[in-house]
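Every read-out reported here was derived from the displayed coordinates using simple, explicitly stated rules and does not represent laboratory data. These numbers come from a predicted model, not from an experiment. A quick note on method: Cβ atoms are made from the backbone with ideal geometry, for glycine too, and the neighbour counts reach across all protein chains shown.
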Amino acid sequence: MRDIVNAIPKMERFAQSHPAPFIAKVYPLGKVKKWQDRNKLMKTLRQFAPGRDP
């Protein structure tokens with residue numbers, strides 16, 4: 001729990017310096033790393049768009 005609390009300032013800085021939407025991972029000892037950015041998220045969503053042939 002302490003690691004998450006200590007990571008809050010890093011998470012805030014990360015959120016302020018990366019354009020939304022994004023998904024970030026928070027690792028033990030407070031490391032914050034981008035996992036998915038807007039481009040990757042949109043590519044994934046397009047795969048499941050209605051009317052798209054499988």
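Could you work out the local net charge near Ala7, counting Lys and Arg as +1, Asp and Glu as -1, over the other residues with Cβ closer than 14 Å to its Cβ?
That sum, taken over residues with Cβ under 14 Å, equals +4.
Provide the convex hull volume over Cα atoms per residue for the chain, in Å³.
Considering the Cα atoms of the chain, their hull volume per residue is 92 Å³.
Along the Cα-to-Cβ line of Leu41, 7 Å from the Cα, sits a label point; which residues in the range 10-25 have backbone N less than 14 Å from it?
Flagged as within label range: 15-25.
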